[in-house]
Amino acid sequence: MKRVAITTLGCKTNQFESAAMRERFLENGYCVVSFTTEADIYVINSCTVTARTDAETRRLIRRARRLNPQARIVATGCYAQVAPEELERLTEVDCVLGNREKQDIIALVESGESRVSDVAVERDAEPLALSSFAEHTRAFLQVQNGCNSFCTYCIVPYARGRNRSVPLEAVMDGIRGLADNGYQEVVLTGIHLGAYGLDQSPASSLTELLRRIDGERPVARLRIGSVEPNEVTDELLSLMTTSAIICPHLHLPLQSGSNDVLTRMGRSYTADFFRNLMLKITTAMPHAFIGADVIAGFPGESDAEFQETVHLLSDLPFSDLHVFPYSRRPGTPAADMPGQVPSHVVKQRGETLRKVATLKKESFLQQQIGTVLKVLVQTYESRTRSCSGLSRNYANVVFLGEVDMIHTECSVRISHSGKGGVTGFSVSFGE
């Protein structure tokens, strides 16, 4: 039995596709092993958002070759899609496959063929089939691919192609299949999730998709991935507040709190728009988890513009922040913009934003004290008799419980908060 090891960089869509490739290998008689052990085949599912992620892909390729000099090394994902020739020049790489080629991963890996299709001509979303996930209570489901936005810092539209939505009935079949296999929560993922349905005829929307899922309720909990600020509509918020299954959790790619920087980024909203949106969200869902992406040191970012971002982040009730120090990505307009910020300044600004993020996370967790959260139990530790899981509003929760609570949703009253999550005690079982 051949051993295959898969490692993943980047977004939830890549994680979904790696899980689907893992399932394909298992179905074809392979043994899937850890990437840190010796394998016959190593698959690196790459990200190419920044030059740093490209470098990390190359590092993992070299690491795989050291683990087994005789192994077949396969590079796929977004870096392989936009710069296959760079990877093919690496002596350690045997096979380079584009994103479309993940559909045929078994045949291509066994043949040793390299192939990268032109995703720009793709018009249909054909996500890899997936019926199981390594994490046995929660699963990702890809419902959309591609992006039409072409923000000046982003290479993703070139790596993933244009916006393409999975047909609604196919999404429903996917959710039903995961639910039938015991999954209690499904996370909808996409490259530009808020654009779901816009490419269909007749056009649909993410809200219409969610309304259909909410009406049928094939799964106990539904969570949505990142949504652009200007795509969080009043209809979407209204549905989220009334739904029994949609989790009160939004992740918003803010990127900057400076209007001038947002314009240079090619973003289609202002800081004031975002401020008003946050007020809408917190009014509708006071205990919601609201995360955001923010970029530090975008080209031309002055000290004053950076402070605008700091002030906006400090003023608003975020639950957590993903901070990305700007990294020049060849092939994007931003890479050639004047005023590239020195790396040491980018690093300092990133550290400043991470301190803001830490305070926001601590404040959010403290606000959970005294509340009762519905927690999907994922693990049980027999030595301490403790259960751990994820609340609907995305807090990591630990409490005393029993092993038969795994894969169920329990009500937990929160008593303490810490750096990584909250603790409490069960007040009911099976609600």
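Within segment 215-235, the set of residues being under 22 Å from the mean Cα position of the chain (by Cα) and either part of a loop (DSSP other than H, G, I, E, B) or of a type in the set (D, E, K, R) (or both) comprises Val219, Ala220, Arg221, Arg223, Gly225, Val227, Glu228, Glu231, Val232, Thr233.
Taking the residues in segment 161-171 that are assigned to a helix (DSSP H, G or I) and in contact with a helix residue (DSSP H, G or I) (Cβ under 7 Å, 6 or more places away or on another chain) as candidates, determine which candidate is surrounded by the fewest Cβ atoms within 10 Å (Cβ to Cβ). Among those that are assigned to a helix (DSSP H, G or I) and in contact with a helix residue (DSSP H, G or I) (Cβ under 7 Å, 6 or more places away or on another chain), it is Leu168.
Flag: Ser327 matches the condition of being modelled with pLDDT under 95 and either assigned to a loop (DSSP other than H, G, I, E, B) or small (Gly, Ala, Ser) (or both).
Within segment 397-431, the set of residues being crowded, with 18+ Cβ neighbours inside 10 Å and in contact (Cβ under 8 Å) with a residue 40 or more places away in the chain comprises Thr408, Glu409, Val412, Ile414, Ser417, Gly421, Val422, Gly424.
Applying the condition of being assigned to a helix (DSSP H, G or I) and of a type outside the set (A, V, I, L, M) to segment 135-160 and asking which residue is farthest from Glu231 (Cα to Cα) yields Tyr158. Among residues of segment 356-375 that are under 17 Å from Val294 (Cβ atoms), those with a Cβ under 7 angstrom from a residue that is of a type in the set (S, T, N, Q), sequence gap 6+ or separate chain, pair up as Val356/Ser314; Lys360/Ser319; Lys361/Ser319; Phe364/Ser319. When Tyr394, Tyr326 are screened for being out of contact with any Cys (no Cβ under 8 Å at 6 or more places or on another chain), surrounded by 15 or more Cβ atoms within 10 Å (Cβ to Cβ) and among the hydroxyl-bearing types (Ser, Thr, Tyr), only Tyr326 passes.
Residues that are touching a strand residue (DSSP E or B) at 6+ places or on another chain (Cβ under 6 Å) and closer than 20 Å to Arg52 by Cα within segment 79-126 comprise Tyr79, Ala80, Pro84, Leu87, Glu88, Glu92, Val93, Val96, listed in sequence order.
The values are calculated or read from the model by the stated rules, or taken from the named source; none is laboratory data. Given the structure is predicted, the values throughout are model-derived calculations rather than measurements. Note that each Cβ is placed from the backbone with ideal geometry, even for glycine, and that neighbours are counted across all protein chains shown.
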